[in-house]
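Every number in this text was worked out from the coordinates using simple rules, so none of it is lab data. This is a predicted model, so every value here is computed, not measured. Please note: Cβ atoms are built from the backbone with ideal geometry, for glycine as well, and neighbour counts cover all protein chains shown.
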2 protein chains.
Amino acid sequence: MTETGETDLVRRWRDVLACYSTVSCALDRALQEAHGIGMSEFEVLDRLIDASCGDLRMHDLAGSMYLSQSALSRTVARLERDGLVERSMCADDRRAIFVKLTAAGRERHSRARTTQRAVLAQHLAAEPARA
Amino acid sequence: MTETGETDLVRRWRDVLACYSTVSCALDRALQEAHGIGMSEFEVLDRLIDASCGDLRMHDLAGSMYLSQSALSRTVARLERDGLVERSMCADDRRAIFVKLTAAGRERHSRARTTQRAVLAQHLAAEPARA
DNA sequence: ACGCATTAAATGCAGTTGCATCTTCGGGGG
DNA sequence: CCCCCGAAGATGCAACTGCATTTAATGCGT
């Protein structure tokens with residue numbers, strides 16, 4: 001049953017921390033530099049691509065993101081400002097907001113994904129990330 | 001030679017992200033709630049405990065932290081404000097600053113470490129965190 | 001000894017985040 | 001039909017972070 005001792009746990013946590021810090025820093029930097037978006041923005045685009053129709057309700061997006069509701073709201077606002085997504089009301093429930101990829105959004109995601117893969121290959125492959 | 005495919009890399013990254021988000025959120029919350037310090041503050045105390053004499057130069061601290069130089073400077077300022085560390089000049093190099101644990105700092109770290117271990121045991125043991 | 005590039009640390013500033021709150025809307029009771 | 005509670009999103013606010021710059025001190029070359 002794994003039986004992880006305390007010291008072992010701390011070591012694993014340090015590994016996760018090291019891995020996360022290195023990769024997220026490199027990823028954020030690369031995405032910002034090459035495509036003008038941050039990790040959070042990319043994550044949103046990624047979720048929208050995964051959704052079959054390319055649109056989701058804010059609430060559903062929030063569920064699959066590691067971001068508070070307010071942070072997500074602002075992230076989507078930035079994406080909309082940059083023309084990468086559109087927000088539209090939902091007829092069924094007028095409180096809900098649909099977030100939908102634009103053509104520019106798909107394009108940006110496609111390019112950004114290449115960068116993401118490259119950064120992961122460079123910084124995650126090298127990392128042990130496992131005890 | 002591991003031969004990690006692209007999809008595999010992305011999956012591993014998602015795992016790290018999930019693990020980090022869950023644990024860091026719980027940890028930060030627990031430390032703040034129970035001891036009035038955040039993760040960064042705890043990390044600094046932890047490094048100082050690890051240092052045999054209980055003191056380090058800012059520059060050395062910076063090297064072992066996943067934090068920018070400016071963020072570290074402010075984190076130490078908060079710790080000093082709370083009386084958990086003391087800053088003192090270094091005679092050898094008057095640009096350098098020594099950061100030294102106070103008795104209160106040792107005490108706080110000791111208690112906080114218990115909380116840390118508990119959170120890790122609860123949230124990290126459950127996580128797969130490895131592909 | 002003087003100046004200049006470099007290093008350690010601090011600080012102004014802008015950007016992102018989370019919490020609490022606010023607004024708007026939906027869904028029951030009475 | 002009206003009222004109240006809860007849900008979906010947006011927003012004010014304070015805290016933390018990183019970047020760029022500043023201040024102060026070291027030391028190397030002349």
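Just need a number here: residues in the stretch A:57-84 that are more than 6 Å from DNA strand D (Cβ to nearest atom), farther than 19 Å from A:Q32 by Cβ and among the hydroxyl-bearing types (S, T, Y).
2
Among the residues of the stretch A:1-38, which ones are within 16 Å of DNA strand D (Cβ to nearest atom), surrounded by fewer than 18 Cβ atoms within 10 Å (Cβ to Cβ) and either more than 23 Å from B:G63 (Cβ to Cβ) or away from chain B (no Cβ under 14 Å) (or both)?
If the condition is that a residue be within 16 Å of DNA strand D (Cβ to nearest atom), surrounded by fewer than 18 Cβ atoms within 10 Å (Cβ to Cβ) and either more than 23 Å from B:G63 (Cβ to Cβ) or away from chain B (no Cβ under 14 Å) (or both), then A:Q32, A:E33, A:A34, A:G36, A:G38 are the ones that fit.
Can you find a residue that is over 21 Å from B:S24 (Cβ atoms), buried (at least 20 other Cβ atoms within 10 Å of the Cβ) and either within 14 Å of chain A (Cβ to nearest Cβ) or within 13 Å of DNA strand C (Cβ to nearest atom) (or both) anywhere in the stretch B:60-75?
Among the residues of the stretch B:60-75, not one is over 21 Å from B:S24 (Cβ atoms), buried (at least 20 other Cβ atoms within 10 Å of the Cβ) and either within 14 Å of chain A (Cβ to nearest Cβ) or within 13 Å of DNA strand C (Cβ to nearest atom) (or both), which makes the answer no.
Which of the helices (runs of 4 or more DSSP H) contained wholly in the stretch B:1-76 include at least 1 residues that are within 21 Å of B:T114 (Cβ to Cβ) and touching a helix residue (DSSP H, G or I) at 6+ places or on another chain (Cβ under 9 Å)?
Those helices (runs of 4 or more DSSP H) span B:6-35, B:39-50.
So which residues in the stretch A:96-114 are of a type in the set (V, I, T) and over 19 Å from A:M58 (Cβ atoms), if there are any at all?
A:T114
Residue under question is B:I97, and the condition is that it be touching a strand residue (DSSP E or B) at 6+ places or on another chain (Cβ under 9 Å) and within 14 Å of another protein chain (Cβ to nearest Cβ); does it hold?
So B:I97 does not fit the description; no.
Go over the candidates B:A112, B:A96, B:A104, B:A118 one by one and state the one that is more than 12 Å from DNA strand C (Cβ to nearest atom), more than 27 Å from A:G5 (Cα to Cα) and small (G, A, S).
The unique qualifying residue is B:A104.
For A:L79, only one of the following conditions fails: (1) within 14 Å of chain B (Cβ to nearest Cβ); (2) in a helix (DSSP H, G or I). What is its number?
Status for A:L79: all satisfied but (1).
Has the stretch B:12-19 got any residue that is under 15 Å from the mean Cα position of the chain (by Cα) and among the aromatic types (F, W, Y)?
No.
Could you please find all residues in the stretch B:82-103 being touching a helix residue (DSSP H, G or I) at 6+ places or on another chain (Cβ under 7 Å), assigned to a loop (DSSP other than H, G, I, E, B) and free of Cβ contacts under 8 Å to residues at least 24 places away in the same chain?
Residue satisfying the conditions is B:G83 alone.
List the number of the failed condition for A:H109; all other conditions in (1) surrounded by 17 or more Cβ atoms within 10 Å (Cβ to Cβ); (2) free of Cβ contacts under 8 Å to residues at least 60 places away in the same chain hold.
Of the numbered conditions (1) surrounded by 17 or more Cβ atoms within 10 Å (Cβ to Cβ); (2) free of Cβ contacts under 8 Å to residues at least 60 places away in the same chain, the odd one out for A:H109 is (2).
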